[in-house]
There are 4 protein chains.
Amino acid sequence: MKPKPSEHWRFRLHEVIYESNTRAGKAFDVGLLIAIFTSIMVVMLDSVVSIHLKYGALFYKLEWIFTGLFTIEYILRLVSIKQPIRYVFSLLGIIDLISLLPSYLSIFFIGAQSLLAFRALRLLRVFRIFKLGEFLSEINFLTQALKNSFRKISIFLLTVLTITVILGSIMYLVEQKENGFSNIPESIYWAIVTITTVGYGDISPITPMGKFVASVVMLIGYAIIAVPTGIITHDIAVAAKSKKEMPESCPSCSLEGHDADALFCKHCGSSLFR
Amino acid sequence: MKPKPSEHWRFRLHEVIYESNTRAGKAFDVGLLIAIFTSIMVVMLDSVVSIHLKYGALFYKLEWIFTGLFTIEYILRLVSIKQPIRYVFSLLGIIDLISLLPSYLSIFFIGAQSLLAFRALRLLRVFRIFKLGEFLSEINFLTQALKNSFRKISIFLLTVLTITVILGSIMYLVEQKENGFSNIPESIYWAIVTITTVGYGDISPITPMGKFVASVVMLIGYAIIAVPTGIITHDIAVAAKSKKEMPESCPSCSLEGHDADALFCKHCGSSLFR
Amino acid sequence: MKPKPSEHWRFRLHEVIYESNTRAGKAFDVGLLIAIFTSIMVVMLDSVVSIHLKYGALFYKLEWIFTGLFTIEYILRLVSIKQPIRYVFSLLGIIDLISLLPSYLSIFFIGAQSLLAFRALRLLRVFRIFKLGEFLSEINFLTQALKNSFRKISIFLLTVLTITVILGSIMYLVEQKENGFSNIPESIYWAIVTITTVGYGDISPITPMGKFVASVVMLIGYAIIAVPTGIITHDIAVAAKSKKEMPESCPSCSLEGHDADALFCKHCGSSLFR
Amino acid sequence: MKPKPSEHWRFRLHEVIYESNTRAGKAFDVGLLIAIFTSIMVVMLDSVVSIHLKYGALFYKLEWIFTGLFTIEYILRLVSIKQPIRYVFSLLGIIDLISLLPSYLSIFFIGAQSLLAFRALRLLRVFRIFKLGEFLSEINFLTQALKNSFRKISIFLLTVLTITVILGSIMYLVEQKENGFSNIPESIYWAIVTITTVGYGDISPITPMGKFVASVVMLIGYAIIAVPTGIITHDIAVAAKSKKEMPESCPSCSLEGHDADALFCKHCGSSLFR
């Protein structure tokens, strides 16, 4: 679709900022990622007291430079599309705004700058890298497998949560309040720490009965960890099979880009499989 | 099977309380789940000392309201079936009773109210949710796979338990009693914590020899975690295959709902596979 | 093979003690397992100081009763086979002896009784249970899969050990000696605790550089845990396939009990697969 | 390719040191591995203070003997190939040099000897063992599967790292600085410890909100551990299949040693599969 001449600049800008097929678009993406990485590195290092004492002033300047750059980027993103409101309320749009606000808020509120840590959320843009390169097919493959697994994994996580609430409540009764299991939410936190085999040891059973219940929880966790693995392994195999069987293009009209579960060509209607 | 007119009210009540095909049945299930969730939330929050001090009186009233509601539900469940004794001694029946008793016991015995934590067991009813929605086929699929795995997982867990008893006893000899391995049950508890890779660190080996034995235990645990995973993954693949091959209805008489291992139609006897 | 009349009693005894096809043999196995369980339970409870103080005298008597029973069993095992020396030096024979010695040694050496913990090794006989029941085919199946995986799992464990030695040595240089990484074997122990995701926390990195190296170790451990799982899952699938394809009996001469990798009947030489 | 007579000694030396087809070559490999093992054992034991105090003098002599032997080996490796510079800058060449330097540096700099721990890197030569024996096909098989998985595992690890940076930054805001989450890099370290289910417990959340975020991190870690497992399991199955299908030699010209993904004989061009 050719844009109107009067909109040409917007079309070009959109191509550079939102797409990555052109050389300029790729350069913008790579440059943005470097800026994001560097700005997060600055926030991270500035949070270390000893480094802050030495380079605090430098970091302060750098943060304002990055805030400036990201503000310009935010404005460019707004003007280069026809419906800026859709970007503003998209996930990435909200994240972009959240990573800008702390700097400006810090002018009025002392301490707001510490919220700069939220800038790490911008790392989510790193997944654009995969679109640039040869990882595309692997990414599609994994995404497909995870999409297939989603429902089963949800059921699994809900079951695990139910088990932890029940076991946490029982443990609250079994162990005395003095042993760290001071209330039910705390006990549920302990059950999650245990069933996922993390095991910090900040709360651990003291009484023999408590140790017995804990052993049961651990063995349950050890046995059911296999369930999501089995699910995802199976769905990867299924995704791999459908990927293999699916022809890249329609054998009748040569159209490409069919959905993973398509049986007939969406253009000419002839069967994709012979 | 049509009920006798005199039993019609019981039939209707049974449909609402025990089934979920009708609109009233679904509404009852959803309402009950919300009541269970809220009542557990109240018990959980009441166990936190700081919240109890503030809202203890409110929680006390709420607990009696929920106890009242659940008592009515329990009585309705009893009268709506012909053989109430079967419900009373079923798993869910016992759980329902256990979640009622603490409130009534607290009238006579001080402290009995803390047993309200057992009300969390009622969360098991959450699995009815899956029956309501589109998760049904996934749930059936997972249940089938786990049923197939059950025997193999049992053998695996028994083997792990035997290993932990043996290794725990050896560790009791290797480490001095002062190092936390004060008796054999304690040492077995340590072996379970270690082999499941939970690793609280409340008991950990001190002597070089103990650390060597612990390293062996950890490597064993690291290697055998793969066994249940392999088992379940395989049984999920098998369940998926049988689900795929199994036709939804008999090709001769169109009867649906055959068992997963059925080879012939249970109605007309013709082969399900052509 | 029919035994000579003079050897009949030995043949009968052997059947009862070593086999489990006869009713008497099964009863002996079950009785022995109960005795082993009880005796281990006694040793375990006796190791708990508070219980020992109360029931120590009773336990002392029970231990001597079990020692007597097991001594009789040991002698019967010796006389019921033609080459007793083969039993004496078999794994189970050595374990049986080790579980007897501590009681007798305690007459001469004070403290030898604590070695009774080794009696837990006799639990290995529990695996005979599986031979009694319907678990036989599952056990064979799992054993076959694990046998196939053995070499690959060995390579994997050797690789993990090499990695832990290298990473442990590096960590010894990175962290100061004061931080618990006091020598290289200790650091290797830490690397094993970390790479297997056990994570006691008895030794954990303090310096930023140490935390960085530890993070690398953890991510390696997180990624390579998948390797044995993949191996065993694959070999279970292979074992399942060969089990399925393999006919239970030769289609020509009906001989049963062929090896898992047999292609031709070992009796008549005709192909097992058609 | 036959070497020039004048180069015959270099050819023989190369055969012994770099290859393992000849008897002398195998003997050299085995001897070298024993020397490496012993020298690492000496370094390890010498790092234990109590052993160092007793045998320090002996270890000092042994270290110089091994340094001498490895120096001779290094020189032989240099002279036995035509382009020694390629060995010097290869991975194994650099490791060999690093394991020599500490001894010589210790003459000039006190303390340099502690760097001998780097000698553990020479253990990487242990993988040559596999080339000697019957493990070759298993090693090739695993290597092939891991090679296939490499890209997908990289994407997975990059995703995990991104998640830990984001979650670590959020946790830095949620928990007060006093609770061990004293700066963002520290919080990211905690997120890695948690998501990999290691769970040292050196840093663990104190506030209720922090415990909630931690629970989410743990459940994420518990669910996504399945992803690399699924990937590797699938690629092992694929590698196994291609290994099975691939004929050992070309059915036309009998040439052996085709690549795993070859479809046609590289010598005569006829199809490898019939």
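The values are calculated or read from the model by the stated rules, or taken from the named source; none is laboratory data. Computed from a prediction, not measured in an experiment: that's the story for all the values here. We place every Cβ from the backbone using ideal geometry, glycine too, and count neighbours over all the protein chains shown. Each accessible area value is taken on the protein alone, full model and side chains, heavy atoms only, with ligands, DNA and RNA left out. Shrake-Rupley method; radii C 1.70, N 1.55, O 1.52, S 1.80 Å.
Per-residue mean of foreign Cβ neighbours for A:34-44 is 2 (Cβ atoms of other chains, 10 Å radius).
If you plug the beta carbon distance of C:GLU73 and B:ASN179 into 1/(1 + (r/R0)^6) with R0 = 35 Å, you get a FRET efficiency near 0.50.
Here the translational diffusion coefficient of the stretch D:53-197 follows from Stokes-Einstein with Rh set to the Kirkwood radius across Cα pairs; for 25 °C and 0.890 mPa s it amounts to 123 µm²/s.
In the stretch D:139-241, the inverse of the mean reciprocal separation of distinct Cα atoms equals 14.9 Å; this is its Kirkwood hydrodynamic radius. The other copies place their D:PHE37 label points at 4.3, 4.4, 6.1 nm from this one, listed shortest first, where each point is 7 Å from Cα along Cα→Cβ.
On the basis of the beta-carbon distance and an R0 of 35 Å, D:ARG12 and D:ILE65 show a calculated FRET efficiency of 0.85. On the stretch B:5-131, 74 percent of the accessible area sits on carbon and sulfur atoms, based on a 1.4 Å probe. Legend: distances between Cα atoms for A:LYS241/C:LYS241; A:LYS241/D:LYS211; B:LYS177/C:LYS147; B:LYS26/B:LYS54; A:LYS152/B:LYS54; pairs beyond 30 Å are A:LYS241/D:LYS211; B:LYS177/C:LYS147; B:LYS26/B:LYS54; A:LYS152/B:LYS54.
Of the GluC sites (Glu not before Pro) in the stretch D:119-215, the ones in a loop by DSSP (not H, G, I, E or B) with at most 11 other beta carbons within 10 Å are D:GLU134.
Label sites at B:TYR104 and B:ARG125, each approximated as a point 7 angstrom past Cα along Cα to Cβ, lie 1.7 nm apart. Surface burial for A against B, with a 1.4 Å probe and both sides summed, reaches about 4000 Å² of accessible area. Ranked from shortest, the separations from the 7 Å Cα-to-Cβ label point of B:ILE75 to its equivalents in the other copies are 7.2, 7.2, 10.1 nm. Shape summary of the stretch D:5-131, radius of gyration then Dmax from alpha carbon positions: 15.9, 56 Å. For the stretch A:153-170, backbone phi angles converted through the Karplus equation (6.51, -1.76, 1.60; θ = phi - 60°) give residue-by-residue couplings of 5, 4, 4, 4, 5, 5, 4, 4, 4, 4, 4, 5, 5, 5, 5, x, 5, 4 Hz, Gly and Pro being listed as x. Within the set of other residues whose C-beta is less than 13 Å from the C-beta of A:LEU146, count the net charge using Lys and Arg as +1 and Asp and Glu as -1. For residues surrounding A:LEU146, the net value is +2.
Accessible area per residue for the stretch A:5-131, computed on protein heavy atoms with a 1.4 Å probe, is 58 Å². Summing Lys and Arg as +1 and Asp and Glu as -1 over all other residues whose Cβ lies under 12 Å from the Cβ of B:LEU158 gives a net charge of +1.
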